[in-house]
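A short worksheet on the structure shown next.
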Amino acid sequence: MSTWNVESAARTLFDAEASRAARGPLTDDWPELDLATAYEVQDALLAKKIAAGEQLVGIKLGLTSRAKQERMGIGSPLTAWLTDAMVLEAGKPIPLGELIHPRVEPEIVFVLGERLSGPGVTAAKAMSAVKSVYAGIEVIDSRYLDFEFTLPDVVADNASASRFVLGGKEFAPADLDLVLEACLLQVGGEVVDSATGAAVQGHPAEALALAANSLAGRGIALEPGWFVLTGGLTDAVAAEPGRQIVAEFTHLGSVTVAGAH
Ligand code: 0L1
Ligand code: MG
């Protein structure tokens, strides 16, 4: 019988992040770890962050696009927590010295104006709860060696959440067609990937509805003011010292990050 439990798994992942020491997947040691228990580990990890002084500021979805699902070899979207410690101010370098092996991906980000509570949330209902839309970049940093994990592993690890940056312009949802909103991902001045908002579950509002309905299964509603990262539009690219990465959107504007030297 396994000696692992929710508390020991959460402690292990919390310590791995704090000490910048990647480890093998939890499921190598705890093969019985299932999805429901993995979300309990994720919640216990959040509790540790809050006990350490962080505040909950929203949620992220992960693996909502085919590009991300194919790259990570996992076909199911997932949700995870965002805290204020993950906010990277625009123009600030990615603090590589605090991270393990960060990667960068472009995202469409919502800020909620109303509470959103499943089940039964449709994309239209989800969109009506959105106050603002932003261009965004997420910096992910798996606590597992080489970003290799199963679905329960990555759920337990808070979906590799690490940092996120918002673009400088706020948009009303009614002013945008997010299905057609295009994004070019540029590294060092060269376009390396592109996608439109349709890449995220057909429409980023579908991802938001998915999050509201899946969190409802755990008795959780999405609160006004929360950020919602709807998931990487493209595959992620590695952050390196001085390497400039730009997510340039058609209407949302552009977001630039660079790894600290
Ligand atoms: O890429 C990963 O580490 C998987 C989880 C996060 C994916 C995402 O944020 O879209
Ligand atoms: Mg992401």
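The values are calculated or read from the model by the stated rules, or taken from the named source; none is laboratory data. Quick caveat, the model's predicted, so the values are computed rather than measured. Please note: Cβ atoms are built from the backbone with ideal geometry, for glycine as well, and neighbour counts cover all protein chains shown. Note: accessible area is taken over every heavy atom of the protein model, side chains too, but ligands, DNA and RNA are not part of it. Shrake-Rupley method; radii C 1.70, N 1.55, O 1.52, S 1.80 Å.
Couple of notes before you dig in:
- Condition check for Leu112: crowded, with 24+ Cβ neighbours inside 10 Å and either touching a residue at least 40 places away in the same chain (Cβ under 8 Å) or under 26 Å from Ala258 (Cβ atoms) (or both): no
- Checked against the criteria, Ser8 does not count as open to solvent by 50 Å² or more (accessible area, probe 1.4 Å), of a type in the set (S, T, N, Q) and over 14 Å from Ala159 (Cβ atoms).
- Any hit, the range 77-98, residues being more than 15 Å from the chain's Cα centre (by Cα), surrounded by 15 or more Cβ atoms within 10 Å (Cβ to Cβ), not acidic (Asp, Glu) and not in a loop (DSSP other than H, G, I, E, B): yes
- On the stretch given as the range 140-165, residues that are under 24 Å from Val257 (Cβ atoms), open to solvent by less than 10 Å² (accessible area, probe 1.4 Å) and of a type in the set (Asp, Glu) total 2.
- Scanning the range 216-235 for residues that are open to solvent by less than 10 Å² (accessible area, probe 1.4 Å) and either under 15 Å from the mean Cα position of the chain (by Cα) or within 16 Å of ligand 1 (Cβ to nearest atom) (or both) yields Val228, Leu229, Thr230, Gly231, Gly232, Leu233, Thr234.
- Top-ranked residue in the range 236-261 [being within 16 Å of ligand 2 (Cβ to nearest atom) and within 18 Å of the chain's Cα centre (by Cα); ranked as surrounded by the fewest Cβ atoms within 10 Å (Cβ to Cβ)]: Ala238
- The set of residues from the range 49-68 being more than 16 Å from ligand 2 (Cβ to nearest atom) and either over 19 Å from the mean Cα position of the chain (by Cα) or among the hydroxyl-bearing types (Ser, Thr, Tyr) (or both) comprises Ala51, Ala52, Gly53.
- Residue check, Val187 modelled with pLDDT of 95 or more, hydrophobic (A, V, I, L, M, F, W, C) and either farther than 19 Å from Gly62 by Cα or open to solvent by 30 Å² or more (accessible area, probe 1.4 Å) (or both): yes
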